[in-house]
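Read through the structure below, which is laid out as structure tokens, and then see the notes.
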Amino acid sequence: MAKVNIGIEAKNLKAVSKLLSAVLADQHVLYIKTRKYHWNVSGPSFMELHLLFEAQYEELAKSIDEVAERISKLGEPVPGTMADFIKSASLKEDSTIPDQSAMINNLLKDHEACIKSLRNGIDDCEDKYEDKGTADMLTGLMRKHETNAWKLRRYLK
């Protein structure tokens with residue numbers, strides 16, 4: 001494969017790819033959790049939450065692909081095993097099947113954690129690594145998480 005020559009130093013390409021690999025890992029954990037909740041939600045708002053969770057995991061699937069492709073564009077291999085993702089993720093899996101309220105709270109906390117992490121990653125990409133393209137992509141991703149967090153928050157009193 002030809003060397004990436006896009007105006008970003010090689011060490012910064014590696015650093016950004018590592019940052020993106022952590023984002024990718026968190027996206028996968030959140031995707032799996034959201035999909036699991038979609039499959040297992042029950043109760044008075046079943047259909048509404050079933051559809052909300054489906055919309056959110058479908059959006060996450062698109063974001064996962066965008067992040068993975070960005071890593072590849074930067075010339076680095078893309079991690080692709082659950083073991084890789086679990087090792088690199090800051091989010092934790094949920095081995096339980098919680099009630100609706102706990103599902104909403106768990107997903108809200110995860111989206112908010114992603115927002116905070118992405119905010120730091122955006123700053124690092126712009127200031128430390130001089131990669132405005134990745135910073136821009138992460139900003140769009142952060143906005144998606146903010147919207148999903150807002151939707152989930154509206155279910156809480």
**Complete:** One finds the C-alpha centres of the stretch 86-157 and the stretch 1-69 to be spaced, in Å, by 9 Å
**Request:** Would you work out which of A55, Y37, Q27 lies farthest towards the positive end of the dipole of the stretch 1-60, given +1 charges on the beta-carbon of Lys and Arg and -1 on that of Asp and Glu, about the Cα centre?
**Result:** Q27
**Asked** How would you classify the stretch 1-75 from its alpha-carbon gyration tensor, with a ≥ b ≥ c the square roots of the eigenvalues: rounded for a/c under 1.5, else prolate if a/b is greater than b/c, otherwise oblate?
**Response** prolate
**Request:** Name the longest site-free stretch of the chain, where the excluded sites are GluC sites (Glu not before Pro) in a DSSP loop with no more than 14 other beta-carbon atoms within 10 Å.
**Result:** 10-92
**Item:** Computed [θ] at 222 nm, helices only, for the chain once each DSSP H run of length n ≥ 4 contributes -39500 (n - 2.57)
**Value:** -25000 deg cm²/dmol
**Asked** Which pairs in the list K3/K87; K92/K144; K62/K116; K11/K132 are over 23 Å apart, alpha-carbon to alpha-carbon?
**Response** K3/K87
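Using a simple charge model, +1 on the beta-carbon of Lys and Arg, -1 on the beta-carbon of Asp and Glu, nothing else, what dipole does the stretch 83-142 show about its Cα centre, in debye to the nearest 20?
Values: 7 positive and 13 negative charges, 33 e Å.
Computed charge dipole of the stretch 83-142: roughly 160 debye.
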**Prompt:** In the set (i) 34, 21, 17; (ii) 31, 15, 12; (iii) 27, 20, 13, which value of semi-axes √(5λ) of the Cα gyration tensor in Å was calculated from the structure you see?
**Reply:** (ii)
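Laboratory data are not the source of any read-out in this text; all were calculated from the coordinates shown. Worth saying up front: this structure is predicted, and the values here are computed from it rather than measured. Counting neighbours? That spans all protein chains shown, and the Cβs are built from the backbone with ideal geometry, glycine included.
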